[in-house]
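Presented below is the structure to which this report refers.
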Amino acid sequence: MSDDEREEKELDLTSPEVVTKYKSAAEIVNKALQLVLSECKPKAKIVDLCEKGDAFIREQTGNMYKNAKKKIERGVAFPTCVSVNNTVCHSSPLASDESVLEDGDIVKIDMGCHIDGFIAVVAHTHALQQGPVTGRAADVIAAANTAAEVALRLVRPGKKNKDVSEAIQKVAAAYDCKIVEGVLSHQMKQFVIDGNKVVLSVPGTDTRVDDAEFEENEVYAIDIVTSTGEGKPKLLDEKQTTIYKRAVDKNYHLKMKASRFIFSEISQKFPIMPFSARALEEKRARLGLVECVNHDLLQPYPVLHEKPGDLTAHIKFTVLLMPNGSDRVTSHTLQEVQPTKTVDDPEIKAWLALATKTKKKGGGKKKKGKKGDKPEDAGDAEPMDATSNGAATASQE
């Protein structure tokens, strides 16, 4: 077998080394999330929180594979974002930004880490308050979490992407919330954070995706955003965009010197993964990035907003579709939430009762949960509702 063939063969979860790299990246990003969460306090500067998350990921990944014969790329796979209240996503301000958290804010933290291009991403929602979360804030957080638990059980070999889209919308509706439009859950591969197989959160007229079936040994970033509003977020100000990704298949001869300087820096430092403009020299970056984006050399990740007063929640996790079942490798336990709604829908309860793992000796496709499966399984999840007192948690172990 040639080196090329061997390389090709070992890039998915059939290789134990690849599984280890995914799980190591997941362990680091879970700890980074814990660190940022512990720093989320009233008057904490948002840019400082983002910096702390990224610095922790760089430090922890930097300590790994130091003595490897071949250089192994590792570090931040998606810059830390801290988006508050009606801001939906991608808020990772520049160093000069003075925005701070306030008591009562609904805070969404989103981040990613990679080792040798094998990526683990996570997003989590936390209300900045003492005691249980109640009212509509509880509804929107519970909707995102229950939708994530359902998605975990439906992203499995043999199921289709549209099965997941329909199910998560039904879950959100049970809490009188909406799944936010335009959010995509992507398959991930080595050095590819946004693979071609996707789950569209809300099939709409603007965005269509190809029908796809999940297969064993695939990896997905399942991305769920819920809103108490219409779920149709808007870009309010392009100047708020700070996260970009190099479009590797595009070329253009930039006219401005500042643009050429910035693009050269990006190509050296961030050839593949998304990055924050904070990592570039601020004044020159502001000038140069515009031309790069206008000519499609960079893909922007816009900061989107629902209407003022709307609340949004974000849960994202990485799942490995292993032969013995789905392995959710990134998550964080939720604070206590007490939603106003009771979820009685039998279909939602049936989805939540599905097992995520099969018995090891059986292998192959996953079966419905049996009592004997419990030690292996994330197990039955309860809908988070007014009757459960919100004691559901995100399953990881």
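The values are calculated or read from the model by the stated rules, or taken from the named source; none is laboratory data. It should be emphasised that the depicted structure is a prediction, and the values quoted were computed from it without experimental measurement. So basically every Cβ, Gly included, is an ideal-geometry build from the backbone, and we count neighbours across all protein chains shown. The accessibility values were calculated without ligands, DNA or RNA, using every heavy atom of the protein model including side chains. Shrake-Rupley method; radii C 1.70, N 1.55, O 1.52, S 1.80 Å.
Quick rundown of the values:
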item	result
DSSP-assigned coil residues among GluC sites (Glu not before Pro) in region 83-189, each with at most 15 further Cβ atoms within 10 Å	98, 102
Subset of 43/255; 257/307; 160/245 violating a 32 Å alpha-carbon distance limit	43/255; 257/307
Dipole of region 195-262, positive direction: furthest Cα of 219, 262, 209, with charges on the beta-carbon	262
Overall form of region 211-315 per C-alpha gyration tensor (a/c, 1.5; a/b vs b/c)	oblate
Unit charges on C-beta of K, R, D, E only; dipole of the chain, Debye	720 debye
Euclidean distance of C-alpha centroids, region 297-311 and region 321-356, integer Å	27 Å
Cα-centred dipole magnitude for region 60-107, charges only on beta-carbon of K, R (+1) and D, E (-1), debye, nearest 20	880 debye
Cα gyration tensor, region 94-166 - rounded (a/c under 1.5), prolate or oblate	oblate
Derived scalar couplings ³J(HN,Hα) [region 11-16; Karplus, 6.51 cos²θ - 1.76 cosθ + 1.60; whole Hz; x for Gly, Pro]	7, 10, 6, 5, 8, x
Built amide H within the under 5 Å cut-off of residue 88, gap 5+	304, 305, 306
Protein accessible area in the chain, 1.4 Å probe - carbon and sulfur %	49 percent
Cut-off 12 Å, label 7 Å out along Cα→Cβ of residue 269, residues of region 279-309 by amide N	279-286
Max mean-square fluctuation residue, GNM over the chain, Cα-Cα springs under 10 Å, options 258, 151, 68	68
Karplus-derived HN-Hα couplings along region 117-126 (A = 6.51, B = -1.76, C = 1.60, θ = phi - 60°), whole Hz, x at Gly and Pro	x, 8, 9, 10, 10, 8, 9, 8, 10, 9
Under the Karplus curve 6.51 cos²θ - 1.76 cosθ + 1.60, θ = phi - 60°, whole-Hz ³J(HN,Hα) for region 184-195, x wherever Gly or Pro sits	10, 9, 10, 5, 10, 10, 4, 6, 10, 7, 10, x
Fluctuation leader among 14, 87, 125 - the chain, Gaussian network, Cα springs under 10 angstrom	14
Listed residue pairs exceeding 20 Å between alpha carbons, taken from 71/250; 52/283; 178/341; 108/178	71/250; 52/283
For the chain, the fraction of alpha-carbon pairs in successive 20 Å shells from zero, as %	28, 59, 13, 0
Amide H within-cut-off set for residue 298, under 5 Å, with H built and near neighbours excluded	247, 293
Residue 182 long-range amide H proximity, modeled H, under 5 Å	201, 202
Value of [θ]222 nm, deg cm²/dmol, for the chain, DSSP H segments ≥ 4, -39500 (n - 2.57) each, nearest 500	-9500 deg cm²/dmol
Relative contact order (%) - the chain, alpha-carbon pairs under 8 angstrom, separation at least six	20 percent
Label-to-label distance, nm, for residues given as residue 20 and residue 260 (7 Å Cα→Cβ offset)	4.6 nm
Rounded FRET efficiency, nearest 0.05, which uses the C-beta distance separating residue 129 from residue 342 and R0 of 25 Å	0.60
The chain - accessible surface per residue (Å², probe 1.4 Å)	46 Å²
Among 307, 70, 189, residue whose mean-square fluctuation peaks in a GNM of the chain (springs only between Cα atoms under 10 Å)	70
Label zone at residue 236 (point 7 Å along Cα-to-Cβ), backbone N below 15 Å, region 73-88	83-88
